[in-house]
Amino acid sequence: MQSGLNNIISNFIHIKGNWYTFPFLVVKIMASKTGSTNKANYVPLYVMLQLGVVTRENKFPDQEKLEVQLKELKAAGVDGVMVDVWWGIIEAKGPKQYDWSSYKKLFLLVQKCGLKIQAIMSFHQCGGNVGDAVYIPIPDWVLAVGEEDPDIFYTNRSGTRDKEYLSLAVDNLPLFGGRTAVQMYSDYMKSFRANMSDILEAGTIVDIEVGLGPAGELRYPSYPETQGWVFPGIGEFQCYDKYLRQDFKKAATKAGHPEWDLPDDAGTYNNTPEKTGFFRSNGTYQTEKGKFFLTWYSNNLIYHGGQILEEANKAFLGCKVKLAAKVSGIHWWYKDESHACELTSGYYNLAGRDGYRPIARMLSRHYGTLNFTCLEMRDSEQPEEAKSGPQELVQQVLSDGWKENIDVAGENALSRYDPAGYNQILLNARPNGVKKNGPPKLKMAGVTYLRLSEELLEEKNFSLFKTFVRKMHADLDYNPRVTDVAPLQKSKPKITIDEILEATKPIKPFPWDEETDMSVGSDD
């Protein structure tokens, strides 16, 4: 083939008039074809910035130090960074009193360093979850409403409130100076667009991840360390505020069961399933009453996510960004019949019922990306008594996203600097490997590494990380075009809850290879 091409070129070299044209076209066409094939295997790699890169006082103190770090990431081939944009910082002074000045400086610095941005609309508190190194509460004036009406917060059966994030029960209640929670989130996102318009237009911001719950995840705060939860506790249902109690009573009465109430046998944070009446074998969760409650609990969560994503779509319509929502990787008790901690978190996922594909279907309406966690974890690394199944869970959730024809992205749950962790992420990024002659059958839209730190930048760790970046890119050079995004389209017409619930029918996940074909090496 190559000698034939050489003959063609050499023949035309001697034909006057074609010396610059025909052979150039032959080479150009072949290069283009090869390039498009290779690029299809490239998975963009982002790095999460420090939680307190902008301080609670809305200062950006370490600009010079961060610039050095960003340039190191850029030199390593990293595509961009992810950053929390904290509600508790931006709207701290009062309703609609937004101050974006420090984030504007940060974003301009990232842009100057040639990196893209994944911006999280962080409507939750920082502090109280695994890895939270700083404390940034939601705005004080919102917390003040909770002093008068504590039922705006998620509440467990014993009456303990969780102030990380407003209860979905107040999404549409005008309790905040005449605004509903959804209106506050919407106003915030519109202000972000207006104040970051130049950076959005430059194509620097490529993802808007919308915070939909604690830790920015679409879930209930069912396992808060601040209330004494310890891994692998099953967690607790968080629906005992007066507003959700009323909503459940209304739903149960409409279903012909006014006598039904919220669960009183689901145990406490650190129970095991068998220690409870609700989650034990043949427990309440398998009864008609239990199924009704779990459907109501999980449907509320899906509706909550869909409603806020619709507002996000309106706020960023026409911008060259993708919307995203994060789903938590609750891998403990996944191999138990009850899936207890998934259920308390709002993911109604059992052997005969898929709890994640309905979320993917909801996201598809808003052209949303499903961002999933725990990509680095392997079953063998987990304690046997936790009945964890991170590998099977990741396989299920990513497959659900792909079956619903949406982009799937992800991140590691805990910082890792070892080959095994990187190789597991690489396997999940391309479950069937690189395809030489076209796009791979399965490929994640992007991976975000948690997180930028001094430890990551240590010579030994960073050397391996650079190899990881290269392997995420399928051994290709950095390509800025891979992260280009088309303008966001308007959300599709509303779909009924019945159409969403059709997606609860279990499907067989796609097959995964045993190991990645883009290994960074081994510990040996």
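Across the chain, where is the longest run that never hits GluC sites (Glu not before Pro) in a DSSP loop with at most 16 other C-beta atoms within 10 Å? Formally, the longest exposed-site-free interval is 58-258. For the chain, the share of DSSP beta bridges that are antiparallel, to the nearest 5, is 15%. Of all DSSP bridge pairs formed entirely within region 312-449, close to 10 percent run antiparallel. The aspartates and glutamates within cross-link reach of residue 249, meaning a Cα-to-Cα straight distance under 17 Å and a gap of 8 or more places when in the same chain, are 151, 241, 259, 261, 264, 288. Only one residue of 41, 300, 328 has its Cα farthest out toward the positive end of the dipole of the chain, where Lys and Arg carry +1 and Asp and Glu -1 on Cβ, and that residue is 41.
If you plug the beta carbon distance of residue 274 and residue 417 into 1/(1 + (r/R0)^6) with R0 = 35 Å, you get a FRET efficiency near 0.40. What are the trypsin sites (Lys or Arg not before Pro) within region 274-336 that DSSP puts in a loop, where the Cβ has at most 16 other Cβ atoms within 10 Å? Taking region 274-336 and a limit of 16 other Cβ atoms within 10 Å, the loop trypsin sites (Lys or Arg not before Pro) found are 335.
Accessible surface for the chain, divided over its residues, is 42 Å² per residue with a 1.4 Å probe.
Simple rule: put +1 on each Lys or Arg Cβ and -1 on each Asp or Glu Cβ in the chain, find the dipole, and look at 438, 464, 368; the Cα lying farthest toward the positive end is 438. Which links in 242/289; 441/466; 314/471 stretch past 28 Å when you go from one Cα to the other? The pairs that break the limit, which is 28 Å between Cα atoms, are 314/471.
To the nearest 10, the accessible area of residue 501 is 40 Å² with a 1.4 Å probe. Between the beta carbons of residue 226 and residue 378, assuming R0 = 45 Å, the FRET efficiency works out to 0.95 to the nearest 0.05.
Over the C-alpha trace of the chain, radius of gyration and Dmax come out as 24.5, 93 angstrom.
Of the solvent-accessible surface of region 322-399, computed with a 1.4 Å probe and all protein chains present, 45% belongs to carbon and sulfur. A run of the chain free of exposed loop cleavage sites, with chymotrypsin sites (Phe, Trp or Tyr not before Pro) counted only in DSSP states other than H, G, I, E and B and at most 14 other beta carbons within 10 Å, reaches its longest extent at 136-524. For residue 59, the lysines whose Cα falls under 21 Å of its own Cα, not counting residues fewer than eight places away in the same chain, are 93, 96, 104, 105, 112.
In terms of overall dimensions, the C-alpha atoms belonging to region 172-261 reach 57, 37, 25 Å along their principal axes, ordered largest to smallest.
Its alpha carbons considered, region 368-471 gives a radius of gyration followed by a Dmax of 14.3, 44 Å. If R0 equals 45 Å, the separation of the Cβ atoms of residue 246 and residue 133 corresponds to a calculated FRET efficiency of about 0.75.
The values are calculated or read from the model by the stated rules, or taken from the named source; none is laboratory data. Since the structure is predicted, the reported quantities are computational estimates derived from the model, not experimental observations. For neighbour counting, all protein chains shown are included, and Cβ atoms are generated from backbone atoms with ideal geometry for every residue, glycine included. All accessible areas refer to the heavy atoms of the entire protein, side chains included, with ligands and DNA or RNA removed. Shrake-Rupley method; radii C 1.70, N 1.55, O 1.52, S 1.80 Å.
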